[in-house]
Amino acid sequence: MRGAVHIYVNKKDREISLLKEYKTKIGYWTGMGCLIQTDRESLKKEVLICIRDSISAYQQEIEPTEPFKSSPYKTWNKFFKYHDSISCEYDLETGSV
């Protein structure tokens, strides 16, 4: 079982957002929920919570969401123009990140 979270850092003001992802039955990663705003002090705790939630949703049917539409940028391409992305995956079976 695998879990994933994407960490997005705003290039201008360095604000941090998280997006949980889950792996579908056919093997694709899909965004889960909305973007979660967090601060540097609680980043590690929030990433671990997101990975736990992602693992619990592994290969289940989750209602599709469009997290970038709820952001001020409205589309993913505008969002990525102003944010850097860091991916974090965890494999429960091997214990590796």
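The values are calculated or read from the model by the stated rules, or taken from the named source; none is laboratory data. Worth saying up front: this structure is predicted, and the values here are computed from it rather than measured. Positions of Cβ are generated from backbone atoms using ideal geometry, with glycine treated the same way; all protein chains shown enter the neighbour counts. Surface areas here come from the heavy atoms of the whole protein model, side chains and all, with no ligands, DNA or RNA. Shrake-Rupley method; radii C 1.70, N 1.55, O 1.52, S 1.80 Å.
See the values below:
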item	result
Unique match (being modelled with pLDDT of 95 or more and either more than 13 Å from the chain's Cα centre (by Cα) or farther than 24 Å from K11 by Cβ (or both)) among K78, K74, K45, K69	K45
Any hit, the range 26-39, residues being in contact (Cβ under 8 Å) with a residue 40 or more places away in the chain and out of contact with any Cys (no Cβ under 8 Å at 6 or more places or on another chain)	no
Positions within the range 30-55 being open to solvent by less than 40 Å² (accessible area, probe 1.4 Å) and aliphatic (A, V, I, L, M), in sequence order	M32, L35, V47, I51, I55
Number of positions in the range 18-29 that are surrounded by fewer than 19 Cβ atoms within 10 Å (Cβ to Cβ) and either under 16 Å from W76 (Cα atoms) or in contact with a strand residue (DSSP E or B) (Cβ under 6 Å, 6 or more places away or on another chain) (or both)	2
